[in-house]
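The values are calculated or read from the model by the stated rules, or taken from the named source; none is laboratory data. Just so we're clear, the structure is a prediction, and the values are computed from it rather than from any experiment. Glycine also receives a Cβ, built like all others from the backbone with ideal geometry; neighbour counts cover every protein chain displayed. The accessibility values were calculated without ligands, DNA or RNA, using every heavy atom of the protein model including side chains. Shrake-Rupley method; radii C 1.70, N 1.55, O 1.52, S 1.80 Å.
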Amino acid sequence: MIERPRGTRDLLPEDMYTRNKFEEILRRTCNNFGYQEILTPTYEHTKLFTERSGPSIVEDLYAFKDKSERDIALRPEFTASVMRMYAQGLRERPKPLKLFYFGPTFRYERPQAGRYREFWQFGTELIGPDTPRADAENIALAHFCMLNSGLKEFTLKISHLGILETFLKEKNVPPDDVREIYHAIDKETLEELDNRYDFLDELGTLLTSDMDTMKDLIENTNSVDHLQCVLNTLELYGMNEKNYKVDLSTVRGLDYYKGVVFEIDAEKLGAERQICGGGDYCLGDIFGIDISSKGFAIGFDRTLLALEKEKTDIGIWRPTCYLIPIGEDALSYTYELLATLRTEDITADIELMERSIGKALAYADRMNFKYSILIGETELKEGSFTVKNMKDGEQITLKKDELIEEMNKHESK
Ligand code: HAM
């Protein structure tokens, strides 16, 4: 038996139905915020991803040499690709450019619950404006994506990397050490650095302090003021401290972030609880351009897991009619109805296995059909159809026009 590759999944018909519904919700929310969809290639030159993060990132990539010995990598995310696309073909477009994308991404990770090697990201990039209001728009969109999906329990954590950066600079920490400290903050292993720095207690205070206390711990408070401005703007979106928390330990894993960053956690998911992450970043310089950009990516699969844990049904496929012809004579009459239903855009299927009525009805029930339509000698003679409601078992007889009208009322795409 040939198994699936590690870290990949087979998506069943019912999974795909829910996924498509979720995708629709996210797509609609982004359109609603004025964002337009784009798509970049599934693979890129490896250099696109190593340029900023260094060659060590290759370990986390699905990277290989193609037949012409080119270094190629499956995309681990979209952001670098979107900036490449921007630099190559979108630079002249009016700003702000508001873009979103959806597709599979690949990371050579150790698979576990909620962590895959092939997973889907739904993300956005906002290119152009470098204002606190643009940060707020970015965060608010992520928040509304979650709200519109029906997810109830999630925590939005907001930070500004400039605050930590200022603190470390004022403590004369060499720039090379900053990443290591961020990493320790992210992994909650700051105490392991204990003998190297004498400000760790103060750093601990900063990480848990409110906006006012932050100002007491650093001299240059520009980043705190910027963050405050973002929070004030979020209020205009109807968001307040009940919807987010300021958490300076949100440092993000990727190397390109600089200003306001945020993450959304669904605690119910345990270790792999981060369902969305993003913020203000700098990648344009790889292409020799200086442009502000902010975005986020939703872990599509993880968010669906969180919805499942909350028992929120985004959608279950409930096709409308199952046609059961009884006997050869009823076939052409049944196919005529089938064609009309399909032309009317009503989901209609027909029994193909020539089973008994009982078995055909049992199938219609298992497949969640709303109605079965029985067509035999009597129906043919009377020019009518017997319509069985699969929920309560009630049967009524309808003429074709009445049937189409009735089914149209129950059609849900
Ligand atoms: P990221 O935090 O690396 O950010 O990924 C975004 C989301 O993808 C995570 O929050 C998580 O839900 C999901 N995710 C990451 N790795 C896996 C995995 N192995 N299995 C399942 N889900 C996973 C980015 O990728 C940035 N490009 C986001 C961004 C866009 N920043 C600015 N613009």
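Restricting attention to the stretch 226-245, report how many residues are open to solvent by 30 Å² or more (accessible area, probe 1.4 Å) and touching a Leu at 6+ places or on another chain (Cβ under 7 Å).
Restricting attention to the stretch 226-245, the residues satisfying the condition of being open to solvent by 30 Å² or more (accessible area, probe 1.4 Å) are 226, 228-229, 232, 235-238, 240-243, 245.
Now narrow it down to the ones that are touching a Leu at 6+ places or on another chain (Cβ under 7 Å): 243.
Here the count works out to 1.
Suppose the filter is closer than 30 Å to G284 by Cα and away from the ligand (no atom under 16 Å from the Cβ); does L234 pass it?
Values: closer than 30 Å to G284 by Cα: yes; away from the ligand (no atom under 16 Å from the Cβ): yes.
Against the criterion (closer than 30 Å to G284 by Cα and away from the ligand (no atom under 16 Å from the Cβ)), L234 qualifies.
I'd like the full set of residues that are part of a helix (DSSP H, G or I) and more than 6 Å from the ligand (Cβ to nearest atom), limited to the stretch 273-309.
Within the stretch 273-309, G284, D285, I286, F287, F300, T303, L304, L305, A306, L307, E308, K309 qualify.
Could you check, for the stretch 54-66, whether at least one of its residues is in the same structural domain as R27 (by TED's automatic domain parsing) and of a type in the set (D, E, K, R)? I'd like the intermediate steps shown before the answer.
Filtering the stretch 54-66 for residues in the same structural domain as R27 (by TED's automatic domain parsing) gives none.
Taking every residue of the stretch 54-66 in turn, none turns out to be in the same structural domain as R27 (by TED's automatic domain parsing) and of a type in the set (D, E, K, R).
Could you check the stretch 20-42 and list, in sequence order, the residues that are part of a helix (DSSP H, G or I) and open to solvent by 70 Å² or more (accessible area, probe 1.4 Å)? Please lay out each step first, then the result.
Step one: list which residues in the stretch 20-42 are part of a helix (DSSP H, G or I), which gives 20-32.
The answer is N20, E24, R28, N31, N32.
Can you list the helices (runs of 4 or more DSSP H) lying wholly within the stretch 79-188 that have 1 or more residues being among the acidic types (D, E) and under 28 Å from P41 (Cα atoms)? Reasoning before the result, please.
Details: elements: 79-85, 132-149, 161-170, 175-186.
In the stretch 79-188, the matching helices (runs of 4 or more DSSP H) lie at 132-149.
Any idea how many residues of the stretch 383-405 are surrounded by 14 or more Cβ atoms within 10 Å (Cβ to Cβ), touching a residue at least 12 places away in the same chain (Cβ under 8 Å) and outside any strand (DSSP E or B)?
5
In the stretch 116-142, how many residues are open to solvent by 10 Å² or more (accessible area, probe 1.4 Å) and within 15 Å of the ligand (Cβ to nearest atom)?
First, the residues of the stretch 116-142 that are open to solvent by 10 Å² or more (accessible area, probe 1.4 Å): 116-121, 128-133, 137.
From the residues that got through so far, the ones that are within 15 Å of the ligand (Cβ to nearest atom) too are 116-121, 128-130, 137.
Matching residues across the stretch 116-142 total 10.
Would you say F287 is in the same structural domain as R179 (by TED's automatic domain parsing) and modelled with pLDDT of 95 or more? Let's see the steps before the verdict.
Working: in the same structural domain as R179 (by TED's automatic domain parsing): yes; modelled with pLDDT of 95 or more: no.
Considered against the rule, which asks whether it is in the same structural domain as R179 (by TED's automatic domain parsing) and modelled with pLDDT of 95 or more, F287 comes out as no.
If you go through the stretch 43-88 one residue at a time, how many are open to solvent by 50 Å² or more (accessible area, probe 1.4 Å) and over 24 Å from the mean Cα position of the chain (by Cα)?
Count: 16.
So is A113 in contact (Cβ under 8 Å) with a residue 24 or more places away in the chain, exposed (fewer than 14 other Cβ atoms within 10 Å of the Cβ), within 16 Å of the ligand (Cβ to nearest atom) and in the same structural domain as K95 (by TED's automatic domain parsing) or not? Outline the logic, then answer.
Values: in contact (Cβ under 8 Å) with a residue 24 or more places away in the chain: yes; exposed (fewer than 14 other Cβ atoms within 10 Å of the Cβ): yes; within 16 Å of the ligand (Cβ to nearest atom): yes; in the same structural domain as K95 (by TED's automatic domain parsing): yes.
Here the answer is yes, as A113 does meet what is asked.
Quick check on my filter: what residues within the stretch 52-73 are within 15 Å of the ligand (Cβ to nearest atom) and of a type in the set (A, V, I, L, M)? Even if it seems obvious, please write down each step before you answer.
Step one: list which residues in the stretch 52-73 are within 15 Å of the ligand (Cβ to nearest atom), which gives 52-53, 57, 59-62, 73.
Matches in the stretch 52-73: I57, L61, A73.
Can you name the residue in the stretch 74-105 that is near the ligand (Cβ under 9 Å from one of its atoms) and among the hydrophobic types (A, V, I, L, M, F, W, C) and is also nearest to G277 (Cα to Cα) among such residues?
The first filter runs over the stretch 74-105 and keeps only residues near the ligand (Cβ under 9 Å from one of its atoms), leaving 76-80, 82, 105.
Of the ones still in play, those that are also among the hydrophobic types (A, V, I, L, M, F, W, C) are 78, 80, 82.
Numbers: F78: 13, A80: 15, V82: 16 Å.
Ranking the candidates gives F78 first.
For the stretch 361-382, name all the residues that are assigned to a strand (DSSP E or B), in contact with a helix residue (DSSP H, G or I) (Cβ under 6 Å, 6 or more places away or on another chain) and not β-branched (V, I, T).
Looking only at the stretch 361-382, we keep the residues that are assigned to a strand (DSSP E or B), and these are 371-375.
After this cut, where a residue has to be in contact with a helix residue (DSSP H, G or I) (Cβ under 6 Å, 6 or more places away or on another chain) as well, the list is 372, 375.
Within the stretch 361-382, just S372 meets the criteria.
Would you point out the residue of the stretch 189-209, among those that are more than 15 Å from T250 (Cβ to Cβ) and part of a loop (DSSP other than H, G, I, E, B), that is least open to solvent (accessible area, probe 1.4 Å)? Show your work before the answer.
Of the stretch 189-209, the ones more than 15 Å from T250 (Cβ to Cβ) are 189, 191-202, 204-205.
Still in the running and part of a loop (DSSP other than H, G, I, E, B): 189, 194-199.
Working: T189: 36, D194: 96, N195: 140, R196: 118, Y197: 31, D198: 150, F199: 11 Å².
Within the stretch 189-209, the match that is least open to solvent (accessible area, probe 1.4 Å) is F199.
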